[in-house]
1. I want to check the label-to-label distance for D83 and S136. Put each point 7 Å from Cα in the C-beta direction and report it in nm to one decimal.
2. For the range 98-108, in order, what is each residue's ³J(HN,Hα) by Karplus, 6.51 cos²θ - 1.76 cosθ + 1.60 with θ = phi - 60°, in whole Hz (x at glycine and Pro)?
3. So, in nm, how far is label A169 from label A42 when the simple model puts each one 7 Å beyond its Cα toward the Cβ?
4. Provide the net charge surrounding P68, with neighbours chosen by a C-beta distance below 10 Å and charges set as Lys +1, Arg +1, Asp -1, Glu -1.
Amino acid sequence: MTKLSIFPPHRLQARLATLVIAFIGSFAAACGGLQLQPKPMAFYDLGIGARSSLAPALAPAQIEIATPPWLEASAMQYRLAWDDPLRRRAYAESRWVSPPPAMLGLALNRALRSEGAGGRCRLRVELDEFIQDFASPDESRVEIVLRAGLLPPRSDKAIAGREFRAVEAAQTANAAGGVEAYRRASARLVAELADWVGALDREPGGGLNATGRCGG
């Protein structure tokens, strides 16, 4: 007859305690390991965008972008209206692929300029604001503000200048919702800039490429 091996009560209790401690330790280590793994950084851009309806003959010969120092980084900045609204914050786990001026400049170049364009004016853009504002934890909007000047080829005296402002509501109150709103806002600004240049060309006194405007 086979005999069962029975641990004495004190040894059984000790063995059970050892197993429980080992289980708790392994569980804590697993949980700790999960907590130590950082979330991957999310990178966003403004998309390719669409070409504008600006005539090739009016396309700027050059597009220059200027910006304040606080917009030269790739941080995605936002403000909270209910908590120190003058303070600029940045998402910890979301970034732009490049600083906003570079992305906006790429969008403007692709939309307004084309191969073989005949325009001679220079378009200078000064980016003043690029921010996502939260009115509440569930509501936000993005705002892009810039000043544009149209300049002759060899002079820094602007032919014309104008401020442009685009405000778009975000569908979701987070970084991804802000990106979608930024794309709409930048597309709107591109269209408005193209319309502005076209309107300048239609003003009395000759087109933009006539002598005395962008012809000299």
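1. Taking the simple label geometry, D83 and S136 are separated by 1.7 nm.
2. Running phi through 6.51 cos²θ - 1.76 cosθ + 1.60 with θ = phi - 60° gives 7, x, x, x, 5, 5, 5, x, 5, 5, 5 Hz.
3. 2.1
4. It works out to a net charge of -4.
Each reported figure results from applying straightforward, stated rules to the coordinates on display, with no laboratory input. Here the structure is a predicted model, which is why all the values come from computation and not from measurement. Positions of Cβ are backbone-derived with ideal geometry, glycine not excepted, and every protein chain shown enters the neighbour counts.
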